[in-house]
Amino acid sequence: MKTMLSALLLAGAVSLPAGASADVLRDQALEIFKPLPSTVPAVKDNRITPDKIDLGKALFFDTRLSASGVFSCNSCHNLATGGDDNLETSIGHGWQKGPRNAPTVLNSVLNEAQFWDGRAEDLKAQAKGPIQAGVEMANKPALVEGTLKSMPAYVEAFGKAFPNEAAPVTFDNMAKAIEAFEATLLTPAPFDAWLNGDDEALSAEQKQGLALFMDKGCAACHSGVNVGGHGYYPFGVVEKPGANILPAGDKGRFAVTKTADDEYVYRASPLRNIALTAPYFHSGKVWDLQQAVGIMGTAQLGEELDEEEARLITAFLGSLTGTMPPVIYPVLPAETETTPRPSA
Ligand code: HEM
Ligand code: HEM
């Protein structure tokens, strides 16, 4: 019934009073999506405090967490460019090219699990990965702790962020502080304003695109507060994309579960700020968002979207581009004589 009604609305075949048609579409949308929370969400086992957020911000921007002293989290998750690096796949330690595209850190606290294959349960588990990954920051927990302990201002900041702990400067606490900072990176978007009742927040085309996004079945996988970020599906439910887009060597969630059914299975991507985070897919092979939408149509739904449909859906996706919280670039503690020197 709902599908029928939004199809008629789309085609302009029924005319309801403007307010009524907006309400029908909104009611349907609210069953599938949720507006962003207006405050920083609570995270498991990590009380978020202003001191922890400040420390996490410093750590996020500190290149000395990497062995070479070249890479910080912000190198690949640049907060000035949508929280990612806009590269096909990331460049890390020793100029190595990693195997996957970097997803945005914006709103990542709302994902049910982290990474394309969901292998990290949450952001504190996630943050320990890149610092140790050979192709990313190539460091060791003990060396990171040594680096942080060598700078009195960091020791003081850890003390404030983790009061009542006898030895607060630890790799685990570093990850918790980064998670606290990341939890603040929420980007309210026109779509949220519209879900919250502002009829003018979406253009007529974006509303048509939203109706299509729901009616065609995109929202079956890309739903909830992050318009994705939960649930795992084969990339190519109906038709596998070619090896140029879905390289045979990366089997996705299979590496996590070792279950044959999970070959080429990935987390349905969160789509907030998607217009800012080209190139697309875990392989980063597609630079054009409308083309990515078309590929999803054939690969996941077995449906060739016509140009107009893909254009309208892409317009709707544009309404997910949000406003970044202001992030003042931190002044970092100066290194001391005992700070380990960068290695090649
Ligand atoms: C994935 C944060 C450093 C490249 C992620 C995700 C988060 C994150 C939250 C998962 C997002 C999602 O699943 O939607 C961080 C933090 C870092 C850091 C806090 C610093 C401690 C880096 C660096 C690079 C990088 C330096 C590049 C050299 C990537 C890539 C992925 C990723 C390629 C996807 C990997 C996969 O799914 O297998 N990062 N990141 N990250 N990050 Fe980072
Ligand atoms: C990825 C949109 C339908 C599952 C993506 C991406 C976009 C998108 C833009 C790229 C995200 C990025 O690079 O960060 C759409 C649209 C759809 C649709 C517009 C409807 C036409 C579906 C359906 C499913 C699904 C029905 C589940 C059956 C996925 C998965 C990925 C993804 C698993 C990650 C692919 C990868 O490994 O690179 N989607 N999607 N999508 N979507 Fe969809």
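Where a number appears in this text, it was derived from the coordinates with a stated rule and is not lab data. These numbers were taken from a predicted model, which means no experiment stands behind them. For neighbour counting, all protein chains shown are included, and Cβ atoms are generated from backbone atoms with ideal geometry for every residue, glycine included.
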Rounded FRET efficiency, nearest 0.05, which uses the C-beta distance separating Lys149 from Glu304 and R0 of 51 Å: 0.30
Separation of the Glu239 and Arg119 label points, Cα + 7 Å toward Cβ, nm: 3.1 nm
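Taking the beta-carbon count within 10 Å as an exposure proxy, list Thr323, Thr147 from fewest neighbours to most.
Going from least to most buried by this count: Thr323, Thr147.
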Helix-only [θ]222 nm of the chain, DSSP H runs n ≥ 4, -39500 (n - 2.57) each, per residue, nearest 500: -10500 deg cm²/dmol
Amide hydrogen neighbours beyond the local backbone of Asn78, cut-off 5 Å, H modeled: Gly83, Asp84, Asp85
Paramagnetic reach from Asp215 in segment 273-300 [backbone N under 11 Å; point 7 Å along Cα→Cβ]: none
Backbone HN-Hα couplings from phi across segment 338-344 [Karplus 6.51/-1.76/1.60, Hz, Gly and Pro as x]: 8, 5, x, 7, x, 9, 5
Given charges at Cβ of Lys, Arg, Asp, Glu: segment 235-293 dipole, positive-most of Ile245, Ala260, Pro279: Pro279
Total charge dipole magnitude, the chain, about the Cα centre, Cβ charges on Lys, Arg, Asp, Glu only, Debye to nearest 20: 920 debye
Contour minus Cα-Cα distance for Thr63 and Thr257 (0.36 nm per residue): 66.6 nm
Under 18 Å from Lys240, Cα to Cα: aspartates and glutamates that are on another chain or at least 8 residues apart: Asp117, Asp250, Asp261, Asp262, Glu263, Glu303, Glu304
For Cys221, Cys76, order by how many other beta-carbon atoms lie within 10 Å, fewest first: Cys221, Cys76
Integer Hz, Karplus 6.51/-1.76/1.60 couplings in order for segment 117-126, x for Gly and Pro: 9, x, 6, 10, 5, 8, 6, 6, 5, 4
